[in-house]
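Just so it is clear, none of the values below were taken in a lab; they were calculated from the coordinates. All values reported here derive from a predicted model rather than from experimental measurement. Cβ: placed from backbone, ideal geometry, glycine included. Neighbour counts: every protein chain shown.
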Amino acid sequence: MVNPASRSNGFQRPNFLDLSPADWPQIVESFGEAPYRIKQIAEWIFDRRVRSFQEMTDLPQAFRQKLDENYALRSLSQGGQERSAIDGTTRYFFKSHDGHTVPCVYLPFKDRKSLCLSTQVGCAWGCEFCASGKVPFSRNLSVQEICDQIFWVEELAKVKLDSLLFMGMGEPLSAYNTLIPALQLIRGEMYFNIGARHVTVSTCGLVPQIEKLALEGPKVNLAISLHASTDELRKKLLPKSSKWAVKEVIQAAKLFSKTQRTKVTFEYILLDGVNDSEQDAKRFANLLRNFVEKGDYMVNLIAYNPIPGLPYRTSPHAKMDEFARILESRKVPVFLRKPQGVDIQAGCGQLGV
Ligand code: SF4
């Protein structure tokens, strides 16, 4: 029932949210309490945001004591924060019990309050343009550590988040076994209760996991980092995930879109002189038109955010506009994403530690 690997709070007590909610009835019953206590506990954790079982004042004292002795409710601790003077984007750092830094980014958009979450410490996929890929992979974050990023940011920023982006440090689909239970808590009515269209999982194109998520995962949005229209260029930019050909990745996206009845977003970071030519745009448009139906996808063009020590440069505005125009002229639905938090190294691809 209790997964020993979930003791990520440093106190030899498992974190409560690392247990599956399917196990909660058994826990409650083992302490001699009635099933309705589960709803009470969930309300205290997700609505009233308590940090210890002792604060759950409508539970019997002996029950609170037993829960407290056996489980912890928070794992990450505060590490620091930095706020963009340009757009209010805030980069938060949290500390794990084993000394790792867990970054995440709060993005205050006009129409929504988003959090870009991390799923791993470091990243093993080593995409060439990404700061996270330069941080050596140590481990997956636990479900509790993923949830803690939400609890902490809502508390520190004094906001109610209504959109979650799994686009921080790490490849979420590599952490599949923690991603799925975390998504179940995020989506579940009794837990965070965030709608499917407000949760986006981003991947560098892990085909088997995209297919798995399509068929069995909770309903969410999917964003796939393509960044190249040929296998050769993809191999250069995303050396590890290029073991799946561009066409295979697009086919997996198609399956996802059909099964989950949602549009998949293809992410394309424009790198000056690397993937932003007229020929690149035409080839990319043809590839999409040949393999996916118009209603199944959209393209997000992203301005590259420079990272110290990496050789890539941002495409000039005129080139980005021209790239978008070529896609549009070929009836490819395209959106040019505005950079956020660049002055504090919290922009897309800049999330190191
Ligand atoms: S883009 Fe994503 S998968 Fe690639 S190195 Fe960065 S965090 Fe990892």
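Shape index of the chain: Rg/Rh, with Rg the Cα radius of gyration and Rh the Kirkwood radius from the inverse mean 1/r over Cα pairs, equals 1.00.
Could you give me the percent of Cα pairs per 5 Å distance bin for segment 209-326, shortest bin first, beginning at zero and ending with the bin that holds the maximum distance? Spelled out bin by bin, segment 209-326 gives 2, 11, 21, 23, 20, 13, 7, 3, 0 percent.
Summing +1 for each Lys or Arg and -1 for each Asp or Glu among the other residues whose beta-carbon sits under 9 angstrom from that of Gly205 gives 0. Among beta bridges identified by DSSP and lying wholly in the chain, the antiparallel ones come to about 45 percent.
Stretched out straight at 0.36 nm per residue, the stretch from Glu211 to Gln279 would grow longer than its current Cα-Cα span by 21.4 nm. Length gained on full extension, Asp98 to Gln40: 17.8 nm, using 0.36 nm per residue less the C-alpha separation. When you restrict to C-alpha pairs under 8 Å that are six or more residues apart and normalise by the size of segment 188-256, the relative contact order lands at 36 percent. For segment 126-248, taking the reciprocal of the average inverse distance between every pair of different Cα atoms yields a Kirkwood hydrodynamic radius of 15.5 Å. So, R0 is 25 Å and r is the distance between the beta-carbons of Glu128 and Glu328; what FRET efficiency does that work out to, to 0.05? Using R0 = 25 Å, I get an efficiency of 0.35. Loop-located GluC sites (Glu not before Pro) across segment 151-221 with a Cβ neighbour count of 10 or fewer within 10 Å are Glu189, with loop assigned by DSSP. The simple spin-label model puts a point 7 Å past each Cα toward its Cβ; for Thr57 and Asp272 those points are separated by 6.0 nm. Per residue, the average separation of C-alpha pairs within less than 8 Å and at least 6 apart gives segment 77-344 a relative contact order of 15 percent. For segment 134-204, the relative contact order comes to 35 percent (Cα pairs under 8 Å, sequence separation of at least 6). Taking each DSSP H run with n ≥ 4 as -39500 (n - 2.57) and averaging over every residue of the chain yields -9500 deg cm²/dmol at 222 nm. Kirkwood radius and radius of gyration were both taken over the C-alpha atoms of segment 20-70, and their ratio Rg/Rh is 0.91. Extension gain, Glu29-Met298: 0.36 nm per intervening residue step, less the Cα-Cα distance, totals 92.0 nm. Taken about its Cα centre, segment 20-70 carries a charge dipole of roughly 120 debye when the Cβ of each Lys and Arg holds +1 and the Cβ of each Asp and Glu holds -1.
Pairwise alpha-carbon distances in segment 50-123 exceed 13 Å for 74% of all pairs.
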